[in-house]
1. So residue 137 ticks every box in (1) over 29 Å from the mean Cα position of the chain (by Cα); (2) crowded, with 17+ Cβ neighbours inside 10 Å but one. Which box is left unticked?
2. Checking the conditions here, which among 75, 60 is in contact with a strand residue (DSSP E or B) (Cβ under 6 Å, 6 or more places away or on another chain) and either buried (at least 20 other Cβ atoms within 10 Å of the Cβ) or in a helix (DSSP H, G or I) (or both)?
3. Among (1) at pLDDT below 95; (2) farther than 21 Å from residue 181 by Cβ, there is one condition residue 239 misses while meeting the rest; what is its number?
4. Just one of the numbered conditions (1) out of contact with any strand residue (DSSP E or B) (no Cβ under 9 Å at 6 or more places or on another chain); (2) surrounded by 14 or more Cβ atoms within 10 Å (Cβ to Cβ); (3) assigned to a helix (DSSP H, G or I); (4) at pLDDT below 95 is not true of residue 149; which one?
5. List every residue pair whose Cβ atoms lie under 9 Å apart, where the two residues are 6 or more positions apart in sequence or sit on different chains, the first residue falls within the range 318-330 and is assigned to a loop (DSSP other than H, G, I, E, B), and the second residue, located anywhere, is exposed (fewer than 13 other Cβ atoms within 10 Å of the Cβ) and at pLDDT below 85.
6. Identify the residue in the range 264-282 that is out of contact with any helix residue (DSSP H, G or I) (no Cβ under 6 Å at 6 or more places or on another chain) and assigned to a helix (DSSP H, G or I) and, among all such residues, is nearest to residue 226 (Cα to Cα).
7. Of the residues 323, 252, which single one is over 15 Å from residue 162 (Cα atoms) and in contact with a strand residue (DSSP E or B) (Cβ under 9 Å, 6 or more places away or on another chain)?
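The values are calculated or read from the model by the stated rules, or taken from the named source; none is laboratory data. Remember, predicted model here, so these are calculated numbers, not experimental data. Here the Cβ positions follow ideal geometry from the backbone for every residue, glycine too, while neighbour counts run over all protein chains shown.
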């Protein structure tokens with residue numbers, strides 16, 4: 001996807017583009033925008049909840065560290081909310097920016113339909129009662145609307161777009177997930193009687209990988225999965241090989257289809273099965289430059305498992321201000337298969353050696369957590 005190039009030349013232009021950059025109307029927020037000089041082209045957008053005044057310095061320090069790490073030397077900021085909460089952050093930004101070698105070209109506070117500038121002291125253009133503004137017909141807003149940019153009413157509305165379903169759909173998903181769990185457990189138990197861990201892992205891959213490929217193909221063709229298929233896929237995605245295969249198939253030219261797929265699965269997945277689809281949704285959202293959606297998806301993933309490594313990694317990367325251009329696919333599906341096959345071969349040799357030693361000693365073989373496939377499907 002071609003990156004949208006946005007230039008900001010006035011306070012009103014700033015206020016027109018911020019909601020588009022975020023994907024929602026900000027409220028009680030501090031937005032810091034890193035720009036290229038001299039054309040003020042947007043390179044990076046950061047948003048923070050308005051902090052307690054005692055934490056204003058921490059917010060400013062984080063913003064400056066991210067801008068510095070990205071070698072951005074000019075920025076502007078907008079605080080949305082009351083003066084007693086915005087001013088401490090504005091003062092901290094003004095204090096820290098010069099030390100970081102960053103020029104603050106504009107620093108605004110917005111409340112209601114008025115803005116105040118912290119860098120302009122001329123009452124003729126920046127009156128103390130604030131400057132009224134209306135961006136609904138601003139050229140920048142019109143241009144981005146023509147490109148199909150969608151702006152939600154609030155971050156809460158964005159978060160609601162990935163919340164779990166309720167009612168009949170939730171009940172049906174619960175039943176379908178339980179049935180999928182029982183089916184997998186029975187299949188695993190049957191294969192596990194062979195006493196070979198590799199056989200169990202191969203079973204999960206054999207039934208999970210085709211499910212991933214089918215789901216992605218169907219969504220790219222404009223279709224959707226039935227609830228029973230969704231339940232089956234969420235159970236399969238607990239296995240890391242299956243998840244990584246799905247991750248490797250997230251080609252950006254199919255971004256809209258992938259967003260639909262992982263949004264559906266994130267909303268429908270039952271507790272304990274949210275982490276993988278929500279993390280994949282976060283990756284796709286970051287891949288196309290929708291950091292706000294990526295973050296609310298990561299909230300769902302980490303709410304399901306605070307230590308899920310993919311979600312933790314993505315949160316660290318996105319919080320660092322890494323641009324979407326870095327959201328490259330980790331490997332191709334063939335690379336994923338080769339990597340896991342090599343790992344499987346090493347595991348198999350280790351398993352066989354252990355079995356031979358136990359047989360020679362006349363000991364019994366007992367299943368442990370280590371013999372379970374990645375993702376703890378059993």
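1. Failing condition for residue 137: (2).
2. That would be 75, the only listed residue that is in contact with a strand residue (DSSP E or B) (Cβ under 6 Å, 6 or more places away or on another chain) and either buried (at least 20 other Cβ atoms within 10 Å of the Cβ) or in a helix (DSSP H, G or I) (or both).
3. (2)
4. Here residue 149 meets the rest and fails (3).
5. 323/3
6. 264
7. Testing whether each residue is over 15 Å from residue 162 (Cα atoms) and in contact with a strand residue (DSSP E or B) (Cβ under 9 Å, 6 or more places away or on another chain) leaves just 323.
Let's see how each residue does on (1) closer than 25 Å to residue 46 by Cα; (2) surrounded by fewer than 22 Cβ atoms within 10 Å (Cβ to Cβ); (3) touching a residue at least 24 places away in the same chain (Cβ under 8 Å); (4) in contact with a strand residue (DSSP E or B) (Cβ under 7 Å, 6 or more places away or on another chain):
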{"position": "236", "(1), (2), (3), (4)": "no, no, yes, no"}
{"position": "246", "(1), (2), (3), (4)": "no, no, yes, no"}
{"position": "263", "(1), (2), (3), (4)": "yes, yes, yes, no"}
{"position": "277", "(1), (2), (3), (4)": "yes, no, yes, no"}
{"position": "285", "(1), (2), (3), (4)": "yes, no, yes, no"}
{"position": "308", "(1), (2), (3), (4)": "yes, yes, yes, no"}
